[in-house]
Amino acid sequence: MKNQKKNLHGMQILTRTGQAGRRLLCILLSMAMLSSIANVNLKQEPIRTAKAASYQVTQTEINHFFGQSAIIGNSVGLGLKHFFDTTKKGDLGNPTMLVQGSYSFLADFNRNKQFMIHYKGRAMKAKDAVKVSKAKHVFINMGVNDFNTSKDKIFTNYKKYINEIKGTNPNVDFYILATTPTWKAKGRINNKEINKLNKKMKAYAAGHKDIYYIDINTPLRGADGKLKESYVSDGFLHLRMNAYEIWTKHMVNFVKKQLKVEKKARTLIKTARKKLSEKSYKKAVSAVSALEKSTLKSNLQKKLRTIKKLLQKKKVKASATPKPTKTPSPTKTPIATPPMETPPMETPPMETPPMETPPMET
């Protein structure tokens, strides 16, 4: 009986020990898993500094920008309007869509009411429609309905069209959306001529203030240089909704990048003006030089010149002001302390005991 109790007690100890071991193993495994997850998260999500975050552009800012924009186009632009009205309804601040089927530069110049932009219930020239819409940014996607003239004439008409809008709306900036490719050529409307026009418009934008070029042509082309078959809706050049998704993505990314660069330049200009140091000034110069040719860039360059003058004045003032010379502090002469007189120690006279002389024996 005693042996049975001993065996039972031993089994209970082993069971408890095994349970504790399993619990310990589970805890260690859990800790290892949490550690690995933490490491993965650290690799996937790099830490952003406060300075980098201050230049980020929010979706609200993007929506505000497009809410102050007008997009001009022909039947290809009508497809973009349909895309915004359905798939992207309410997105990007609802830009004003000044689009018309069969619209061309000549229709605008000749006031062909049938094919002119219709806005607010009436036919208008582009310059007037932009003015009525109060747009600050104008996106233009044109060209395919103008290839019945020579390629040089198309380029001339494109520039004339922009200048007319600019003349009535001097404070707007322009975003030339590349003429989109065709899947099948029809007469003079072919990818070779489209590519030539886009090349000219890109160079034109680079050389003029407040005019930008956005390449939406390249991302819509296949390896053969034609519009991808998956993007074409009519076997010619009109687009499907998935193509407008690509179009919108590239258009928004361009604007987002531009707003970020502009925000950085403005911020560093303010910092340089406040600190008035060579380091902050050089950072501001670098940020402003990254801007494309624009009215904003010209204004910020003026501010840089002002900051440079203030820096030079600061240097002159610093060099003219004599540095205070340190006068040596008077050396303190130590006060001589008289030597301490120690009184002589009196030593008591030593008493010599009388020597006893023994009696003389006679």
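Quick look at the numbers
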read-out	value
Residue in the stretch 148-165 that is in contact with a helix residue (DSSP H, G or I) (Cβ under 6 Å, 6 or more places away or on another chain), buried (at least 21 other Cβ atoms within 10 Å of the Cβ) and outside any helix (DSSP H, G or I) present	no
So Ile216, is it under 15 Å from Ile71 (Cβ atoms) and at pLDDT 95 or above	yes
Restricting the stretch 166-187 to residues that are surrounded by fewer than 16 Cβ atoms within 10 Å (Cβ to Cβ) and over 22 Å from Glu292 (Cα atoms), the residue that is nearest to the chain's Cα centre (by Cα)	Thr168
Flag if Arg273 is of a type in the set (D, E, K, R), closer than 26 Å to Leu300 by Cβ and surrounded by 16 or more Cβ atoms within 10 Å (Cβ to Cβ)	yes
Contacts under 7 angstrom Cβ, first residue in the stretch 126-153 being over 20 Å from Phe236 (Cα atoms), partner polar (S, T, N, Q) and buried (at least 18 other Cβ atoms within 10 Å of the Cβ), 6 or more apart	Lys127/Asn169; Val130/Asn169; Lys131/Asn169; Ser133/Thr96; Ala135/Ser69; Ala135/Thr96; His137/Ser69; Phe139/Ser69
Members of the stretch 179-227 that are of a type outside the set (A, V, I, L, M, F, W, C), free of Cβ contacts under 8 Å to residues at least 40 places away in the same chain and not in a helix (DSSP H, G or I)	Thr179, Asn190, Tyr213, Asp215, Asn217, Gly222, Asp224
Counted residues, the stretch 102-117 - those being over 37 Å from the mean Cα position of the chain (by Cα) and either surrounded by fewer than 18 Cβ atoms within 10 Å (Cβ to Cβ) or in a loop (DSSP other than H, G, I, E, B) (or both)	9
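Condition check ((1) touching a Phe, Trp or Tyr at 6+ places or on another chain (Cβ under 6 Å); (2) over 27 Å from Ala243 (Cα atoms); (3) at pLDDT below 95; (4) among the charged types (D, E, K, R)) across all residues:
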residue	(1), (2), (3), (4)
Gln68	no, no, no, no
Lys89	no, no, yes, yes
Met97	no, no, no, no
His118	no, no, no, no
Lys127	no, yes, no, yes
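The values are calculated or read from the model by the stated rules, or taken from the named source; none is laboratory data. All values derive from a computational prediction rather than experimental measurement. Counting neighbours? That spans all protein chains shown, and the Cβs are built from the backbone with ideal geometry, glycine included.
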